[in-house]
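All remarks here apply to the structure that follows.
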Amino acid sequence: DYGIGLCGSLGLLLVGYLLWICSSVGIIPFNRGSIIAVVLLLCIFSTALVLRQRKRFAQILRSHWRHITFIEILFLCSFVVFLALRMANPDLWEPWLGGEKPMDFAYLNAILRSSYMPPFDPWFSGGHLNYYYWGQFVVANLIKATGILPSVAYNLAVPLFFALTVTSAFSIVYNVSEGLSKTWRSPGNPRETDGRRIARTLTWLKTPVAAGLLAALFVAVIANLDGAIQLVQLGWKGVVRG
């Protein structure tokens, strides 16, 4: 699919890295103007590439518009579902433990108030943050560009990362599955017998789309089996002790 499902993640990473490296070496400050400048620079570069390959690009759009639409719908549905989970519990504080939410939020605000990287340390006056902060920096780019309140943006960023993970996992496994399917179907393939044997064992994966959706499910939803264990434990306690 020409990496269509990876465009969102790669776009955020590319813009974020250019801003981070420039603000880290002191070339430009970290502010809205710098973000707009970097985005415009990448837009100019991308437009030049599209114009150079405009026939090829138009051909891809004509032949893959259904797949592009499917990817966008998958991203939107994933975002909305996880946003509903955050709406059910939007608090940035975990009163029974404290947890990492206050720490993440402190790092995020420290980045937003820093003009150059590394950001200042929110717990040590005059010091700089010596902890990894790349994820918060990517979110800070979006906050600076849109002007959304950090407390609101935090609850939008978590569904965003979830949706990007879903589409990225789908895209990678979709391409692997489609590539293997073409290899199995090729008439002159010396491993055609092995390919058919493997294909028969995977008959339940009818299409590369099904394989991609299953990958997204395993990576983003049921990858951590501790959640299922907790549900069983809580259900047992509720039934037996309740």
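Observations, loosely collected:
- All of ARG86, ARG62 fail the test of being under 14 Å from PHE162 (Cα atoms) and out of contact with any Cys (no Cβ under 9 Å at 6 or more places or on another chain), apart from ARG86.
- Any hit, region 50-64, residues being touching a residue at least 24 places away in the same chain (Cβ under 8 Å), open to solvent by less than 100 Å² (accessible area, probe 1.4 Å), under 21 Å from VAL138 (Cβ atoms) and out of contact with any helix residue (DSSP H, G or I) (no Cβ under 7 Å at 6 or more places or on another chain): no
- Region 10-38, residues that are surrounded by 17 or more Cβ atoms within 10 Å (Cβ to Cβ) and within 27 Å of ILE73 (Cα to Cα): LEU12, VAL15, GLY16
- Among residues of region 186-231, those that are among the hydrophobic types (A, V, I, L, M, F, W, C), at pLDDT below 90 and open to solvent by 70 Å² or more (accessible area, probe 1.4 Å), counted: 5
- Taken together, the residues in region 84-131 that are in contact (Cβ under 8 Å) with a residue 24 or more places away in the chain and in a loop (DSSP other than H, G, I, E, B) amount to 8.
- Looking at LEU149, LEU142, just one residue is open to solvent by 40 Å² or more (accessible area, probe 1.4 Å), at pLDDT 95 or above and either touching a Lys or Arg at 6+ places or on another chain (Cβ under 8 Å) or over 26 Å from LEU10 (Cβ atoms) (or both), and that residue is LEU149.
The values are calculated or read from the model by the stated rules, or taken from the named source; none is laboratory data. Quantities reported herein were computed from a predicted structural model and do not represent experimental measurements. Here the Cβ is made from the backbone with ideal geometry for all residues, glycine too, and neighbour counts use every protein chain on show. Just the protein is used for accessible areas: all its heavy atoms, side chains included, with ligands, DNA and RNA removed. Shrake-Rupley method; radii C 1.70, N 1.55, O 1.52, S 1.80 Å.
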